[in-house]
Every structure is written in structure tokens, then in C-alpha cells.
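For reference, the structure is listed below as C-alpha cells.
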Amino acid sequence: DSGVTQTPKHLITATGQRVTLRCSPRSGDLSVYWYQQSLDQGLQFLIQYYNGEERAKGNILERFSAQQFPDLHSELNLSSLELGDSALYFCASSVKQGYEQYFGPGTRLTVT
Amino acid sequence: EDKVVQSPLSLVVHEGDTVTLNCSYEVTNFRSLLWYKQEKKAPTFLFMLTSSGIEKKSGRLSSILDKKELSSILNITATQTGDSAIYLCAAGNNNDMRFGAGTRLTVKP
């Protein structure tokens, strides 16, 4: 158990819908990262927050957005969902930027 | 564009064999390279390497970074079936980490 929690564990929704994935980092970690992992794409970095501020953006679609709240938990919002958005979404946290990241158990999103 | 390339993509060995997994990177303002093991769940952290030539070791696993060659290797000695997993390498700066596609290791009894 890494200490990073993610909810929900599984999510099944229809195309065009909007969902919110939630992540609570390890106690004391200020940095939160979001990743998407699909079978054909591997682990893709989406976005990073540090102490409430966005610090880096990766391959994140405009339909996706995220934020980190004052209590350091983070949410990833996915809208206008498409079939291709089906994937495992991981959140990871680290004490500082550039340090080892600890991954949560992931949220498996299925878009039908 | 930043990239991380791992080789081989897949490897099948027998218990007791020694394996070497490779990772090469091209990352702007490189700061660290990380190795993770992923079974049927989230990646678990193995090593973080920031300095060239210093070996990190944990049991049968060891890793070393070569900044001149922009690469790292992960060695696993006396492999066991429990070592079967995808091994991910990530390299990055202070902002984001770029992950490789992973090496799928299968250890047969």
C-alpha cells in the first residue's frame, strides 16, 4: 500500500458523459501527478500539481482538466468522453518535484 | 522531444537466470531516472538514480545510471517467478517524468 488513495476503483459510463476521478496523496506529499495507461499507449503523463499550482502538462486533452485543492487532494475531470478514453488512470504523489513518485491503485474507466 | 526507450520489450527466462533490462533517455534538464515494477496493479517504486556510476541495490535487484551514455540498466539475479512483471523506466526533470513503454519480464519455473 503506497499511501495514495484513488476513488472510484472502477467507473463505467457512456460516451459524451463527464466524470471526476479523485486522488488523495500520501501524507506530507505536495506533488500530485496524473497518468493515463492504456494497452496501446503505455503510461502517459497528463498533468502535475505542486502545492495547489499546476506545474507541468503532458499529453492532456482539452476535454480533460484537473485541480489540486488546499487540502492537497486532486481531481481529474474528463468530459465529452469518447470510447478511446477507456483506460486506467493513475494518480501518483511525491514529496517534491523530481523525487520518486508513489502510485495509487488507479481508477479503471470504461466508456461504452 | 523528450523520450525514454526501453529494451527489450519482452523477455522470457527460467528461474535462476540473470537478466539485464535497458533504458535510454533523452530528457531536457535531466534530473533523475526511476525504475518501477508493475504487476497487475499500480507501479511500485524500485530505485531512483541521479548520479552516474553509483549502483543502487536492493536484494537481487540492482541498477546503475550512465549519464554519459544517457542510459541505465536494471539487473535481476537469480530470478524467481515472482519477478514476472512489467518493469518501467522513467526519466525526467523537476516537472514531469517521461515513462518508457516497459519491459515485460516472464520468469518460468
Checklist entry - What are the residues in region A:89-108 that are surrounded by fewer than 21 Cβ atoms within 10 Å (Cβ to Cβ), more than 9 Å from every other protein chain (Cβ to nearest Cβ) and either outside any loop (DSSP other than H, G, I, E, B) or not aliphatic (A, V, I, L, M) (or both), if any? => result A:Arg108
Checklist entry - Looking at B:Arg98, is it at pLDDT below 95, surrounded by 18 or more Cβ atoms within 10 Å (Cβ to Cβ) and within 22 Å of A:Gly58 (Cα to Cα)? => result yes
Item to check | Subset tally (residues that are in a strand (DSSP E or B) and either under 10 Å from the mean Cα position of the chain (by Cα) or modelled with pLDDT under 90 (or both)) for region B:33-44 | outcome: 5
Checklist entry - Does B:Lys57 qualify as being more than 21 Å from A:Gly106 (Cβ to Cβ), in a loop (DSSP other than H, G, I, E, B) and not small (Gly, Ala, Ser)? => result no
Checklist entry - Which of the following residues is under 30 Å from A:Thr107 (Cα atoms) and in contact with a Pro (Cβ under 9 Å, 6 or more places away or on another chain): B:Ala85, B:Ala42? => result B:Ala42
Checklist outcome for this item: (1) touching a His at 6+ places or on another chain (Cβ under 6 Å); (2) buried (at least 20 other Cβ atoms within 10 Å of the Cβ) all hold for B:Lys108 apart from (2)
Next on the checklist: Anything in region A:7-27 that is surrounded by 13 or more Cβ atoms within 10 Å (Cβ to Cβ), out of contact with any His (no Cβ under 9 Å at 6 or more places or on another chain) and either free of Cβ contacts under 8 Å to residues at least 12 places away in the same chain or assigned to a strand (DSSP E or B) (or both)? List them, or say none.
Outcome noted: A:Thr7, A:Leu11, A:Thr13, A:Val19, A:Thr20, A:Leu21
Next on the checklist: Among (1) closer than 24 Å to A:Gln37 by Cα; (2) within 14 Å of chain A (Cβ to nearest Cβ); (3) not in a strand (DSSP E or B), there is one condition B:Gly82 misses while meeting the rest; what is its number?
Outcome noted: (2)
Next on the checklist: Condition first: under 26 Å from B:Ser51 (Cα atoms), within 12 Å of another protein chain (Cβ to nearest Cβ) and open to solvent by 20 Å² or more (accessible area, probe 1.4 Å). Can you find one or more residues in region A:28-39 that meet it?
Outcome noted: no
Checklist entry - So which residues in region B:30-45 are at the interface with chain A (Cβ under 7 Å from one of its Cβ atoms), over 14 Å from B:Arg104 (Cα atoms) and open to solvent by less than 10 Å² (accessible area, probe 1.4 Å), if there are any at all? => result B:Ser32, B:Leu34
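The values are calculated or read from the model by the stated rules, or taken from the named source; none is laboratory data. The shown structure was predicted, so the numbers you read here are calculated from the model rather than taken from an experiment. Note: ideal-geometry Cβ built from the backbone for every residue, glycine included; neighbour counts use all protein chains shown. Just the protein is used for accessible areas: all its heavy atoms, side chains included, with ligands, DNA and RNA removed. Shrake-Rupley method; radii C 1.70, N 1.55, O 1.52, S 1.80 Å.
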